[in-house]
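Here the structure comes first, spelled out in structure tokens, and everything after it is commentary.
Every number here is computed from the coordinates shown, using simple stated rules; none is lab data. A quick note: this is a predicted structure, and the numbers were derived from the prediction, not measured. Cβ placement follows ideal geometry from the backbone for every residue including glycine, while neighbour counts extend to all protein chains displayed.
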Amino acid sequence: MVDKLTPVLSANWGTDNSWKLATYQAAGGYQAVGKALKMTPAAVTDVVKDSGLRGRGGAGFPTGMKWSFVPKDNPNPKYLVVNADESEPGTCKDMPLLLASPHTLVEGMIIASYAINCHTAFVYIRGEVLHVHRRMQQAVAEAYEAGYLGKNILGSGYDLDIVVHAGAGAYICGEETALLDSLEGRRGQPRLRPPFPAVAGLYASPTVINNVESIASVPSILKNGAEWFGSMGTEKSKGYTLYSLSGHVARPGQFEAPLGITLRELLDLAGGVREGHELKFWTPGGSSTPILTAEHLDVPLDYEGMAGAGTMLGTKALQIFDETTSVVRTTLRWTEFYKHESCGKCTPCREGNWWMVQMLRKFEAGQAAVGDVDKLLDVASNIGGKSFCALADGAVACVTSAIRHFRSEFEDGYSTPAWELFPYGRSALFEVPETQGAHA
Amino acid sequence: MSVVTKPEQGAVVVETVTLTIDGIEVTVPKGTLAIRAAETVGIAIPRFCDHPLLDPQGACRQCMVEIPDMGNGRGFPKPQASCTIEVAPGMQIKTQRTSEVAEKAQRGMLELLLINHPLDCPICDKGGECPLQNQAMSNGGGTSRYDGVKRTFPKPVSLSAQILLDRERCVLCARCTRFSEQIAGDPFIALVERGALQQIGRYADQPYDSYFSGNVVQICPVGALTSAAYRFTSRPFDLVSTSVTCEHCASGCQLRADHRHGVVRRRLAGEAPQVNEEWNCDKGRFAFVSGRGDDRLSTPLVREDGELRPASWPEAIDAAVAGLTAAGNSSGVLTGGRLTMEDAYGYAKFARAILGTNNIDFRARPIGVGEAAFLAQQVAGRTLAQAVTYTDLENAGQVVLVGFEPEEESPIIFLRLRKAVRKKGLSVTALAAFLSNGNAKLKAKLVATVPGSEADAVAGLKLAAGDVILVGERAALAPGALTAVVAAAAKAGARFAWVPRRAGERGAIEAGCLPTLLPGARPVADVAARVDVASHWGSETLPPLEGLDAPAMFAAVTAGELEALVIAGVELSDFADANAAREAVAAAEFVVSLESRFSEVTELADVVFPVALIEERSGTFLNWEHRIGRVNTVVKQVNAPMTDLRVLAALADAMGTPLGVRTTGQARAELAELGTWDQPIKAEAASRTRARAAKKSKANDGEVVKLATWRMLLDGGRGQDGEVALAATAKPSVARISPALASTLGVGDGEVITITSEAGWYSLAASITEGMTEGTVWVPMNSPGTPIGELGVVHGDDVALSLGGAE
């Protein structure tokens, strides 16, 4: 079973002081930079294009193609912005990566910046994870000292500065244009497109925004070649990626494997569902991706496989829920998150999540009225696809998919509280006295 | 008169796009938004955040449409906000009229907007004219499915003394914040917090003091923003609306005055795309209650044994006629800058045909030596077609401001310049003592100019064809500045426009209220012009000599050379030397005053006639562009006083020579019949304007510096009386000096300094201003407590500065 794993990004995580420059270099780190700086920027972009690397932040847009959209004739400076505002419920890949091996990202940023002719690159890190922010700052400082950043990198004549920026705790700032507003010192709310960031992004200049994992994958591609990368994964979803298993699973954690692996295989690697329990439902890529059930255990976890199952690969954050879990309560918790994180800019997201939370609380308490399931679906249909950005689409995805798979459990909410049907203490991973595990 | 014709405008080819909306083929200019394209064929898509004059926001999501074909055969998978989608050739758009998807999206959005909206329409100011209410009726569901808890907030929040916010009504469309940032340039309100708690907020240490704040009340699509002045005073359906032209400045805003029970309750910006678009300033919006104080004159007054007492109209007319007849042509007429053109014409004719004098001047303000000649040669008789317009400003490459502060002195010019700066790359150059906040918002380049040396600064300008120079009223005080402007414009092929501050000044020139000009720009000095007017009027002759201007009249009265004055509601402290004006009016043998409120002149007059307020009369204002703006009677009272014109006609009748006009319509018709003089004006007719003797400052009063001064939009002007909340948003009075001058004086920012002239002094807080021209102090000209006329000095004069307050 272990042969399913392809540790590249996570290869050095177990080494002592893996986050230090010396450790990273000892394992062959920063060799890709030297190689890239001897190529033309266009050739670097071509390698990434040829590798088939697609955005690991969830949308799966081809990374090399994104780089090639940067207009060459625009006189403004070009910027690379790395989105490290990882905040989605369940999603937990970028933070461990940055904690364990920040230099992988630094090296990737140097190569990507060189490819798009950028001389100032930014990392926007979720503000709550202070330890990651500090580690990234230290890594950047080390890289400056070693001559990988600053003027005339490795004697190539190429200059690059990296700015490590901490967000202030808003999920919406993971949306790329809201991130840019926040980075500029404004309140993070999504921008109207067009203009797209590739044309007028940060400070109204051409900007490439990539996920941490996408950029961190670049050094290995440069080092080993596009063909090597393409040899992993499936036809349209190439390469390796980080799968994050959490919840009712024996050994939760990061599993780096080729795209196209199935949940069944991953569960085998993780020791299976919590002992004595069975899989009830799961998310393929965080709470914004429609949930799946045990019938989807063998669907390939790649962009196409998940789209075929009516969901999305997302951030490959696989949250596993066993049969003790109330899907109503889970949906309520997620919706409460979206209500709290809605930026407030547009009506459907702001008002709709406010309303859905109130409806779901009634379902949870067994106080919903007969017919409220259809009302909830209708309200959700007035929110999804109508909002300014994709936040609301994600917010309704969990509601509509939960009803699609577990409608009768919602209908039970017409008469019976969820905590009676699914005593909450039973789904906890630790002892919870029955008297306490209530509906707080 | 020299006529500068407009530069030929080449035929502009507009690229168009043809698309289909609900099966109807539409052709619109490229770049048009879908929602706007639908309007052209009469399809109204409901909307809240969309506003044609603001940048698209796409926030309310009310205007969703279905687009089955983007023009490339492919459709959008989801419905789209039509306020953010630009049309494309061959695009197919289906609105709520033909698409179930669009209809459901819109109905659903209204339901969502209403879940947290209070059902307080019966007590909401907006109820009855509320876009949310209207669209809930036309595009919403009949009942609500929402049975949850509504979001509430403590209410209201004061954004400023004038603007109040009821947050629970707000639909967060960001029209107000976009207006403040994009249009006015005063981003003192912003969206704060997030999610359902998102709300409009103001800075803790800075209220929303913007000259344009009232507009946000008007464009708010719900009743979230209200004004302290109008809140809870009326319901829209009880109001009667009248369109008027604003009486404050010369911008010429079209307004809507709403009255109920004979009382004006509010004024709104009217729609005038070529003038004020859909905006106005807070002065025009809120300052309309000055006539409601207890200083309103209700009956004529006559002086008996040194005391004024109420008198009947016949008695007062007889008394005025006796005094004026005795004085004959030894009279002078001061009309001020606030009359309608028709009333001004009444005075112009009364002076010449009845009193027999050319002593008439509308300029109740500091005047310059060459000003009358400039006005006669460069301003009088121009038509809108020949003049610089708002549109010309918008399309100019560069606009130069000479002795003119747009935001303070003509706020709609300011808005239009700002629009052009934002959208069309206009560059603005300001000749001033410092870069004011208003000009900074225009990204203006400052040519630091010592007051009085504007002529040199103009000569040094880099101008190109198509540039426009805007000349303010105080440019005339700088020797040679006006001729320098004319010369510089001619040399470069640029154009210029004179922008007076008061609404009635431009019309007063046309009406003949200058000592050198008869109605229709006819020079007094030209015998043919005099004969022309005399024959129209049926007069035997008209006085041949050019008359005295206002300061000359005061000097003549004080010297005993002029006996009587007819004064039409002017403030003596507005003149360059308030004390000289006061002395003269007190010394005059006989003074007749026509005014609506008790004033300093009332106290010195022999006969006083009460006249109608602006809201009680009709007429015409000519704005700075020479555009006609109609004033319509707003409130019709059975006991309304007479207009100036009516009183003058009654006086003329009693003096034995009918004025020939007594109604506004007659005056307008006669003025139109006279037309404009089409003969060239002889260069520089001998001007009788004398150089002014300023109240010089002496070095022992402190550091002698040049005075720069202009009026703030909101100041001590009497037209703003009674509107407390408006006054509270005015800028504080400060004296601006450069850092170097501050260190010479040893004064710190905020410390008190004293400005001294021969006639007196003012003490006020110093504001140390970077970039301020050296050797110069700026003070507001007429802010509460600092009417500069009382010091007898004008822009460009010497004053002395000293540290600390004077005793």
Worksheet item: Each residue of the stretch B:547-559 in turn: what ³J(HN,Hα) in whole Hz from Karplus with 6.51, -1.76, 1.60 and θ = phi - 60°, glycine and Pro shown as x?
Response: x, 8, 7, 4, x, 5, 4, 4, 4, 5, 5, 4, 7
Practice prompt. Can you give me the P(r) profile for the protein assembly as shown? Cα pairs, bins 20 angstrom wide beginning at 0, each as a whole percent.
Written response: 10, 31, 29, 19, 9, 1, 0
Worksheet entry | Amide H within-cut-off set for B:Trp498, under 5 Å, with H built and near neighbours excluded | B:Val471
Worksheet, complete the sentence: For the stretch B:572-642, the Debye formula with one identical point scatterer on each Cα and no solvent gives log10 I(q)/I(0) at q = 0.13, 0.14, 0.20 Å⁻¹ as -0.57, -0.64, -0.91
Response to the item:
hull vol. (C-alpha, convex hull) per residue for chain B, Å³ -> 175
Worksheet item: Put +1 on the Cβ of every Lys and Arg and -1 on every Asp and Glu Cβ in the stretch B:433-526; which of B:Ala440, B:Ala490, B:Gly507 then has its Cα farthest towards the positive end of the dipole?
Response: B:Ala440
Item to complete: Mind putting a number on the dipole of the protein assembly as shown about its Cα centre? Charges go on the C-beta only, +1 for Lys and Arg and -1 for Asp and Glu, and I need it in Debye to the nearest 20.
Response: 1940
Worksheet entry | Relative packing of peptides A:360-369, B:23-32 - highest average C-beta neighbours within 10 Å first | A:360-369, B:23-32
Discussion item. Beyond a 18 Å Cα-Cα separation, which of these cross-linked pairs lie in this structure: B:Lys424/B:Lys731; A:Lys316/A:Lys386; A:Lys345/B:Lys104; B:Lys126/B:Lys155; A:Lys362/B:Lys104; A:Lys339/A:Lys386?
Written reply: B:Lys424/B:Lys731; A:Lys316/A:Lys386; A:Lys345/B:Lys104; A:Lys362/B:Lys104
Discussion item. Roughly how far apart, in whole Å, are the Cα centres of the stretch A:139-157 and the stretch B:431-485?
Written reply: 52
Item to complete: Take B:Val14, project a point 7 Å from its Cα along the Cβ direction, then tell me which residues of the stretch B:50-76 have their backbone nitrogen under 17 Å from it.
Response: B:52-53
Fill in: Surrounding net charge for B:Glu168, when Lys and Arg each add one and Asp and Glu each subtract one, Cβ distance under 10 Å
+3
Worksheet item: Counting only other chains, what is the mean number of Cβ atoms within 10 angstrom of the Cβ of each residue in peptide B:191-201?
Response: 6
Worksheet item: Can you give the net charge of the other residues whose Cβ lies under 12 Å from the Cβ of B:Thr84, counting K and R as +1 and D and E as -1?
Response: +2
Item to complete: Go through B:Ala728, B:Leu801, B:Gly771 and say which Cα lies farthest out towards the positive end of the charge dipole of the stretch B:713-807; charges sit on Cβ, +1 for Lys and Arg, -1 for Asp and Glu.
Response: B:Ala728
Worksheet entry | FRET efficiency for A:Arg193 and A:Lys72, using Cβ-Cβ distance with R0 set to 22 Å, rounded to 0.05 | 0.55
Practice prompt. Using only Cα atoms, figure out Rg for the stretch A:1-126 and give it as a multiple of 2.2 N^0.38 Å.
Written response: 1.12
Worksheet, complete the sentence: Cα-based Rg/(2.2 N^0.38 Å) for the stretch A:95-143, rounded to two decimals, is 1.14
Item to complete: Select from B:Asn639, B:Ala654, A:Ala141 the residue farthest towards the positive end of the dipole of the protein assembly as shown; place +1 on Cβ of Lys and Arg, -1 on Cβ of Asp and Glu, and compute about the Cα centre.
Response: A:Ala141
Worksheet, complete the sentence: Working note, the stretch B:461-565: Cα radius of gyration (Å, one decimal) and Dmax (Å, whole number) are 17.6, 52
Worksheet entry | Above-threshold pairs, the threshold being 25 Å between Cα atoms, out of A:Lys35/A:Lys78; A:Lys93/A:Lys375; B:Lys30/B:Lys94; B:Lys283/B:Lys419 | A:Lys93/A:Lys375
Discussion item. How large is the direction-averaged shadow of the alpha-carbon convex hull of chain A, in nm²?
Written reply: 20.6
Worksheet item: Ratio of the stretch B:16-115's C-alpha Rg to 2.2 N^0.38 Å, to two decimals?
Response: 0.99
Worksheet item: Rounded to the nearest 500, what is the protein assembly as shown's calculated 222 nm mean residue ellipticity when only DSSP H runs of at least 4 contribute -39500 (n - 2.57) each, over all residues?
Response: -8500 deg cm²/dmol
Discussion item. What aspartates and glutamates does A:Lys151 reach when the alpha-carbon gap must be under 12 Å and sequence neighbours fewer than 8 apart in one chain are set aside?
Written reply: A:Asp159, A:Asp161
Worksheet, complete the sentence: For the stretch B:16-115, the dipole about the Cα centre with charges only on Cβ (Lys and Arg +1, Asp and Glu -1), to the nearest 20 debye, works out at 120
Fill in: Hydrodynamic radius (Kirkwood) for the stretch A:2-230, which is based on Cα pairs only, to one decimal in Å
17.4
Item to complete: Can you give me the three principal axis dimensions of the stretch A:1-75 from its C-alpha atoms, in Å, biggest first?
Response: 46, 31, 19
Item to complete: Using the Kirkwood radius over Cα pairs, work out the Stokes-Einstein diffusion coefficient for the stretch B:145-227 at 4 °C and 1.567 mPa s, in µm²/s as a whole number.
Response: 100
Item to complete: Bin width 10 Å, alpha-carbon pairs only: give the P(r) of the stretch A:240-322 as whole percents, running from 0 to the bin holding the largest distance.
Response: 21, 61, 18, 0
Worksheet item: About its Cα centre, how strong a charge dipole does chain B have in debye, to the nearest 20, once Lys and Arg get +1 and Asp and Glu get -1 at the Cβ?
Response: 2640
Worksheet item: Sorted from fewest to most neighbouring beta carbons within 10 Å, what does the list B:Glu100, A:Glu86 look like?
Response: B:Glu100, A:Glu86
Worksheet item: Could you name the aspartates and glutamates in cross-link range of A:Lys238, using Cα to Cα under 12 Å and dropping any fewer than eight places away on the same chain?
Response: A:Asp50, A:Glu227, A:Asp302, A:Glu304
Discussion item. Cut-off is 10 Å between beta-carbons; in what order do B:Thr516, A:Thr45, A:Thr23 appear when sorted fewest neighbours first?
Written reply: A:Thr23, A:Thr45, B:Thr516
Item to complete: Hey, can you grab everything whose amide H is under 5 Å from the amide H of B:Thr16? Only 5+ residues off in sequence or another chain; H modelled, so Pro and N-termini drop out.
Response: B:Lys30
Item to complete: Please list, in chain and number order, the residues 5+ apart from A:Tyr79 or on another chain whose amide H is under 5 Å from its amide H, with Hs placed from the backbone.
Response: A:Thr207, A:Val208
Worksheet entry | More than 26 angstrom apart: percent of Cα pairs within the stretch B:385-500 | 7
Practice prompt. Would you kindly work out the equivalent ellipsoid of the stretch A:322-374 from its C-alpha gyration tensor and give its semi-axes, the square roots of five times the eigenvalues, largest first in whole Å?
Written response: 22, 15, 7
Discussion item. How large is the direction-averaged shadow of the alpha-carbon convex hull of the stretch B:255-316, in nm²?
Written reply: 7.0
Worksheet item: When you take every Cα atom in the stretch A:327-427, what is the radius of gyration, and what is Dmax, the widest Cα pair distance, in Å?
Response: 13.0, 39
Worksheet item: Over the Cα atoms of the stretch B:699-803, what is the Rg over Rh ratio if Rh follows Kirkwood?
Response: 0.98
Practice prompt. Order by neighbour count: A:Thr330, B:Thr429, fewest other Cβ atoms within 10 Å first, most last.
Written response: B:Thr429, A:Thr330
